[in-house]
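Here the structure comes first, spelled out in structure tokens, and everything after it is commentary.
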């Protein structure tokens, strides 16, 4: 797949998620073949002023390519300045966040609020386009609410402003992360613009990815919350699309993935912060596994690398001795279990 001048090895992407898609998480996802990943959303003001915390979000590695930098803000000049800083820091692609529904972002006129102000949205995109020649995408929602569903119009405007691809999560901002996403909007947008359209929303298993591509005609898909505790979903989607057999990791392979992710987090943040931050991933990695609830209750007390490794080792040895069997990786959960869950507070624009 191609976005602007950027050639990608496949069309399966990892969504930007605040508090989640840091360098350690992206490194794990990349190991399963992800074609493009994004940073957590970065404040344009903070980046333009080269704030240390904002610059930290841009941390990358040779394994972490190609990398999209997602910017949020509402001031065209600040976004243009931030785009220049991101380009200097060797970003491969820039993305403008017009989809985050979180109140503290939206009330500043940023994120999904820009969809209520098409003129400002256009000014933002034109400013970023003028500031950098890097491939440029925009991530949008269906609209602000059921009375203002304008994803197609915003997508058309983005194309006119020189954006190279549009990423659409077809829920309205006031839906947050609840209800169902309207894939029909992805199909409608694809019919109206010439640049690539990336579909996002409700991709929990390989079959969902296949259905989205078939039903909407979109050029690529973006996985969000479905990859939490399940980074191998990316690999299984790619296997399904290539016609090869999908497979879930064994108990020992799961343990090794967790151990590696923990090691990356500790190396990146330091032991205290890295371990504390990793506890949320332990909750996701063990969700749905036998006796996982008991493990998750104990995980809240984990405070250092050794205690985390000991707990993980003990839990997975218990699973191995219990002879746990994993479900078909292509099987999507149906019924009440498939309903959208309220995401943790850390998760932003997905």
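Odds and ends about this structure:
- Restricting attention to region 300-325, the residues being assigned to a helix (DSSP H, G or I), more than 17 Å from residue 260 (Cα to Cα) and touching a helix residue (DSSP H, G or I) at 6+ places or on another chain (Cβ under 8 Å) number 2.
- Flag if residue 163 is part of a loop (DSSP other than H, G, I, E, B), crowded, with 19+ Cβ neighbours inside 10 Å and either in the same structural domain as residue 38 (by TED's automatic domain parsing) or in contact (Cβ under 8 Å) with a residue 12 or more places away in the chain (or both): yes
- Flag if residue 195 is touching a residue at least 24 places away in the same chain (Cβ under 8 Å), closer than 25 Å to residue 129 by Cα and either part of a loop (DSSP other than H, G, I, E, B) or not assigned by TED's automatic domain parsing to the domain that holds residue 119 (or both): yes
- The lone exception for residue 231 - which of (1) assigned to a loop (DSSP other than H, G, I, E, B); (2) assigned by TED's automatic domain parsing to the domain that holds residue 165; (3) surrounded by fewer than 17 Cβ atoms within 10 Å (Cβ to Cβ) it fails: (3)
- Residues within region 37-47 that are assigned to a helix (DSSP H, G or I) and buried (at least 22 other Cβ atoms within 10 Å of the Cβ), tallied: 2
- Residue that is farthest from the chain's Cα centre (by Cα), among those in region 62-73 that are closer than 17 Å to residue 33 by Cβ and in a loop (DSSP other than H, G, I, E, B): 62
- Residue match in region 103-118 (condition: more than 22 Å from residue 169 (Cα to Cα) and at pLDDT below 95): no
- Scope region 214-228; condition outside any loop (DSSP other than H, G, I, E, B) and either more than 19 Å from the chain's Cα centre (by Cα) or in contact (Cβ under 8 Å) with a residue 60 or more places away in the chain (or both); matching residues: 214, 215, 216, 220, 221, 222, 223, 225, 227
- Residue list for region 97-127, restricted to those being part of a loop (DSSP other than H, G, I, E, B) and out of contact with any strand residue (DSSP E or B) (no Cβ under 6 Å at 6 or more places or on another chain): 100, 101, 102, 107, 108, 109, 117
- Residue within region 238-255 that is touching a residue at least 40 places away in the same chain (Cβ under 8 Å), in contact with a helix residue (DSSP H, G or I) (Cβ under 6 Å, 6 or more places away or on another chain), at positive phi and surrounded by 19 or more Cβ atoms within 10 Å (Cβ to Cβ) present: no
- If you check 130, 84, 53 for being free of Cβ contacts under 8 Å to residues at least 40 places away in the same chain, at negative phi and either assigned to a helix (DSSP H, G or I) or in contact with a helix residue (DSSP H, G or I) (Cβ under 6 Å, 6 or more places away or on another chain) (or both), only one passes: 53.
- Test for residue 87: is it in contact with a strand residue (DSSP E or B) (Cβ under 8 Å, 6 or more places away or on another chain) and surrounded by fewer than 17 Cβ atoms within 10 Å (Cβ to Cβ): yes
The values are calculated or read from the model by the stated rules, or taken from the named source; none is laboratory data. Since the model is a prediction, treat every value here as computed from it, not as a measurement. We place every Cβ from the backbone using ideal geometry, glycine too, and count neighbours over all the protein chains shown.
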